Ligand SMILES: [Zn+2]
Ligand SMILES: [Zn+2]
């Protein structure tokens, strides 16, 4: 297995429309481990499209409890179960995920109970042990280690950037965050920084299109996400070897092209820049 990051879903935010990319999920293949980070809508099909049997996942990490990062976790686990999952797949997520998982299991109880009794399947509930992720987490999965950094994503407090290290390589995933000075040290000299990014002129257009009467959505986006220019500056200060822009806002505006993202970032970062696209595989 080659060490690589695959951006399965690169869109910021939960809504999809004709022509848009899909909400967030990232496949990490590193040091012999296969990890899914975030489980936004579309992650299950995207994993199989990337050639990953669902039963091959070693862990799922959820960065925070905004729906564009975990809406499809239940369907993913249920589908992995029907695909033959027999050993527990650990889930690491901020406090509160258990409510979602218990609710999902309850909503599907008829199907799950039927399949256990009728098809002899193991108990789904026991196949997805949930562990709380916080800013002291230090996970070891074989030769892969994962550490966290609490980022700044108001109003959500439990929102984390992740650093995955193994096989002499380091990849840092920013999660959803406003520009965070601590990210520079956290991502120092990483082989790849996957950072969320927005283009400010495009954000206003999104909000206008939604037609809301107040400006809360605009304020939320601006105070809790990172302008592309800032993501590039952080990458430069951290001297990372490559930067991938992800969780793109806007993601479904045909007038916003790769050129616009490069135009915003190239003046501030001298390394390799990847503009995220669903299914983009970046070798480490
Ligand atoms: Zn998000
Ligand atoms: Zn978010």
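Here, each number is a calculation from the coordinates, and none is a lab measurement. This structure is a prediction, so every number in the text was calculated from the model and none was measured. Cβ placement follows ideal geometry from the backbone for every residue including glycine, while neighbour counts extend to all protein chains displayed.
Counting beta carbons within 10 Å around each of 255, 196, 72, 230 and listing the fewest first gives the order 255, 230, 72, 196. Note on the chain: helix-only mean residue ellipticity at 222 nm, from DSSP H runs of 4+ residues weighted -39500 (n - 2.57) and normalised by residue number, equals -8000 deg cm²/dmol. Maximal additional length on extending the residue 281-residue 219 stretch stands at 19.0 nm, based on 0.36 nm per residue less the C-alpha distance. Working from Cα positions, state the angle (0 to 90°, nearest 10) between the long axis of helix 97-107 and the longest principal axis of the chain. Result, in degrees: 50. Sorted ascending by nearby beta carbons within 10 Å, beginning with the fewest, 121, 209 become 209, 121. Taking the square roots of five times each eigenvalue of the Cα gyration tensor of the range 86-167, the equivalent ellipsoid has semi-axes of 30, 18, 7 Å, listed largest first.
Relative to the longest principal axis of the Cα atoms of the chain, the long axis of helix 228-237 makes an angle of roughly 90 degrees. Relative contact order of the range 4-283: 19 percent, from C-alpha pairs under 8 Å at least 6 residues apart in sequence. The stretch between residue 259 and residue 4, if pulled fully straight at 0.36 nm per residue, gains 89.3 nm over its current Cα-Cα span. Step by step: find N for the range 144-228, compute 2.2 N^0.38 Å, then divide the Cα radius of gyration by it. What's the final number? Here the answer is 1.27, to two decimals.
Could you give the length gained by full extension between residue 106 and residue 48, i.e. 0.36 nm per residue of separation minus their alpha carbon distance, to one decimal place?
Extra length from residue 106 to residue 48 when fully extended: 18.3 nm.
Residues 25, 107, arranged from fewest to most other Cβ atoms within 10 angstrom of their Cβ, appear as 107, 25. Distance distribution note for the chain: the fraction of Cα pairs above 27 angstrom is 37%. When both the range 1-78 and the range 103-117 are represented by their alpha-carbon centers, they are found 23 Å apart. Scaled against 2.2 N^0.38 Å for its residue count N, the alpha carbon radius of gyration of the range 40-136 is 1.05.
What angle, in degrees between 0 and 90 and rounded to the nearest 10, separates the Cα long axis of helix 200-210 from the longest principal axis of the Cα atoms of the chain? Orientation of helix 200-210: about 60 degrees from the principal axis. Which residues does a label at residue 56 reach in the range 83-98, if reach means a backbone N under 15 Å from a point 7 Å past the Cα toward the Cβ? Within reach of a label on residue 56: 84-85.
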